[in-house]
Each structure stands twice: as structure tokens, then as C-alpha cells.
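The values are calculated or read from the model by the stated rules, or taken from the named source; none is laboratory data. Because the structure is predicted, anything quoted here is derived from the model rather than measured. No Cβ is skipped: glycine too gets one built from the backbone with ideal geometry, and neighbour counts run over all protein chains shown.
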Amino acid sequence: MEERQTFWDKMQEKGYTRRDFLKFCAWIGAASGLQASSIGSLVHAMETKPRPPVLWFHFQECTCCSESFVRSSHPIVADVVLDHISLDYTETLQAAAGHQAEEARRHTMEKYKGQYLMLVEGSIPTAANGVYCCIGGHTALDIVKEAAAGAAAIVAWGNCAYAGCVQGAKPNPTQATPIRDIIKGKPIVNVPGCPPIPEVMAGTIVHYLAFGRLPQLDSQGRPKAFYSRRVHDTCYRRPNYDAGLFVETFDDENARKGYCLYKVGCRGPVTYNACAVTKWNEATSFPIQSGHGCIGCSEAGNWDNAPLYEHLPGVLGYTSETDADTVGMVAAGITTAALGVHALTANARKRKQIRKQIEESPGGK
């Protein structure tokens, strides 16, 4: 069997210094939510472990996940990680085509059975025996089942592979189906988003490369490091929500002031993702910061959950325990009540002081 290079071997080959390597390990470790004490283990693993072979499949999707990944703000992600994981097959980035591409896929599946990492981008159509997506004369359904049988683990990229996304929205004519509903008995990590944040994708991959296991997952199979908090929880507009300050229309004065976008459809309160923390384009911005509400692209069924520009009913406010339609009034009521209590307390204190002065005066009681 040919010797497979390590991550550090590949970086040296491309001209990166030891300092570059250590800085990358620290960066990707932080992005992955690892403790500082784990960085040493990450460095050691990246120095010594051989590159695992990877098959990256594309089915019903727009390729935005791949586009996102190769546009990570860190140059080493696109320059080295793709090489490091030994990307043996991907319709988007590989040079081979036709029978050569299919031969590369079969060669990897046979030679590294039980060792390769399977990445899936796109949903799987199951209607009409899967004829709505065929590659090399085989349906996506057949390809997924065959490849999954020999995979060490599976990563479902994007909302398409995680939940069906827009092609899985009603009436779903092709019966677009997520990976987790087709493959059972294999470790699967879901990395939803449309597309996922590139650093989230890179962090998930590097965690597997370094430790030989998937990261800690939530009940939906998503990495907790990136999907444990709602966009709303870390949004810089959150104080406006708590204060009852909302944008009513995109062209109103409140929009210009940067108030909360919940009433114009923002789904940040029900969407789990790292957008407000990690951001996009070298941590420059994210949709809410650019003035558009979150559309919940990392949640299942987001296309069917009411019109995008109408807020979801019944979402609780976290300080007043009410919905956004009344949070402003409640906040105002609390303020009024607080002012009233303050006034009563102040008056009582003043009366007590006056009474004391009278009693202590020469003509007092």
C-alpha cells in the first residue's frame, strides 16, 4: 500500500513554515471549540497521522457547500486541507471525468474499505426508483448505499443532505430525502446551513482527521461546538429585542437604527448556528448584520415554516416570557411599574425624613 502523507508533510511540500503549521492548528482548534489543553494533541495528530481517503459526493444540490468550503478565510483550508484529506473523488473539483472519475471512486472504495470518509452534498431523490439524479449510469440512491457500506463515517454537508432543503419542500415531487433517513448503522455528522460556514466545515473535518472520531453531537447529529446556541442568543441586535425595539418594515427608521428584525421574519430565535459568532468573509459580517433576517437555513423544514418575511408566532421572549408582539408593551409596563415603585419609595423616604426633622425641632413633639 502506498504511503500516505501527513498534514505536516503536505504543508512542508507547499512551502509553509513550522510557525504557519502551529498557527493553523491553534486557529482550527479554536474554531472547533477545543480547549487550549487539547491543541498539543491536535498538533501531534496532524504531524503523525496519515491522510485518510475521502469521497465527496454531489447529488440534488447547487454546490454552494463546496463553494463555501474552498472560500474559507484561512488560506490553508483550501490550499492544504483538500490535499490532506486525499480527496480521491468529487465531481466538482477533480480533474478526471467520465469513466476515469468512476474508476477513481471504485478504486478508493475497494482499496480503503472501512477507512475512507464519505462526504455527501445534496439530498437523495427516491421517487420513481431514484431516476431524478443519476451519475455514471447509477442512481444517487444506489451510489449512496454502496459507498456508505464501506465508509468509516459520513458527513452530510448543508441543509440538502441534512433535511432536504428547498427541493424537499412541499410538495417534494422527487421525494428528496436526507442521508440520515436512508443510511442506518453508520456514524453520521450533520453540518447544516445553506451553505454551512466554511470554518465550521473545516473544523468538523480536522477534528475527525486529528482524533479519528466525529466531534460531540447534539440530538440532531450536529457538532455541538457550532450548533449549541441559537443565532438569536449571540446576535448583536438581541438587546433591541429585549427592549421591544423592532423593525416594522425594511425601509423604516427602525431599520436604519439597526433594531431587531424579528417582526420582518428573522428566525434567529429558532435557528441553531454559529453565524453571529464565526460570521462570513473573514469574520466581516453575517446576514442579520447586513440588514436581512435569518431564514433558518440550518433548520429542517425552514422552507415550509410560514412565509420568510412574516415572523413565526409563539416565539418566547427571554426576559419577559412573551412573544415579540407584546414584548415591547411588557417592557414598557415593567419600566412604568419600576418608575412607580421608585416614586413610592422615594416619597415614603421623604415623608420619614420630614417627620424626623419635625420631632427633633425645638417646638416638636
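For P178, indicate whether it is touching a His at 6+ places or on another chain (Cβ under 9 Å) and surrounded by 15 or more Cβ atoms within 10 Å (Cβ to Cβ).
Numbers: touching a His at 6+ places or on another chain (Cβ under 9 Å): no; surrounded by 15 or more Cβ atoms within 10 Å (Cβ to Cβ): yes.
Here the answer is no, as P178 does not meet what is asked.
Only one entry of A255, A337, A306, A332 meets the criterion of being at pLDDT 90 or above and aliphatic (A, V, I, L, M), and that entry is A255. Within the bounds of the stretch 255-265, is there any residue that is farther than 25 Å from G193 by Cα and in contact with a helix residue (DSSP H, G or I) (Cβ under 9 Å, 6 or more places away or on another chain)? Taking every residue of the stretch 255-265 in turn, at least one turns out to be farther than 25 Å from G193 by Cα and in contact with a helix residue (DSSP H, G or I) (Cβ under 9 Å, 6 or more places away or on another chain).
Among the residues of the stretch 181-190, is any touching a residue at least 40 places away in the same chain (Cβ under 8 Å) and crowded, with 22+ Cβ neighbours inside 10 Å?
Taking the stretch 181-190 first, the residues touching a residue at least 40 places away in the same chain (Cβ under 8 Å) are 182.
Filter once more, keeping what is crowded, with 22+ Cβ neighbours inside 10 Å: none.
Checked against the condition, which is being touching a residue at least 40 places away in the same chain (Cβ under 8 Å) and crowded, with 22+ Cβ neighbours inside 10 Å, the stretch 181-190 yields no hits at all.
How many residues does the stretch 156-213 hold that are of a type in the set (S, T, Y) and outside any helix (DSSP H, G or I)? Walk me through how you get there before you give the answer.
Step one: of the stretch 156-213, the residues of a type in the set (S, T, Y) are 162, 174, 177, 204, 208.
So of that shortlist, the ones also outside any helix (DSSP H, G or I) come out as 174, 177.
The total comes to 2.
For the stretch 262-298, filtered to residues that are in contact with a strand residue (DSSP E or B) (Cβ under 7 Å, 6 or more places away or on another chain) and assigned to a loop (DSSP other than H, G, I, E, B), the residue that is farthest from W27 (Cα to Cα) is T271. Screening the stretch 214-259 for residues that are of a type in the set (F, W, Y) and assigned to a loop (DSSP other than H, G, I, E, B) and picking the one that is surrounded by the most Cβ atoms within 10 Å (Cβ to Cβ) gives Y259.
Consider the stretch 78-107 and keep the residues that are over 15 Å from R51 (Cα atoms) and crowded, with 19+ Cβ neighbours inside 10 Å. The one that is modelled with the highest pLDDT is R105.
Taken together, the residues in the stretch 266-279 that are over 13 Å from R237 (Cβ atoms) and either crowded, with 19+ Cβ neighbours inside 10 Å or among the hydroxyl-bearing types (S, T, Y) (or both) amount to 6.
Could you please let me know if E110 is surrounded by fewer than 17 Cβ atoms within 10 Å (Cβ to Cβ), modelled with pLDDT of 85 or more, among the charged types (D, E, K, R) and farther than 25 Å from Y227 by Cα? Against the criterion (surrounded by fewer than 17 Cβ atoms within 10 Å (Cβ to Cβ), modelled with pLDDT of 85 or more, among the charged types (D, E, K, R) and farther than 25 Å from Y227 by Cα), E110 qualifies.
Scanning the stretch 291-314 for residues that are without any contact (Cβ under 8 Å) to a residue 40 or more places away in the chain, more than 18 Å from the chain's Cα centre (by Cα) and over 16 Å from K170 (Cβ atoms) returns P313, G314. Counting just the residues of the stretch 1-26 that are of a type in the set (F, W, Y) and at pLDDT 80 or above, which one comes out surrounded by the most Cβ atoms within 10 Å (Cβ to Cβ)? Here the answer is F24.
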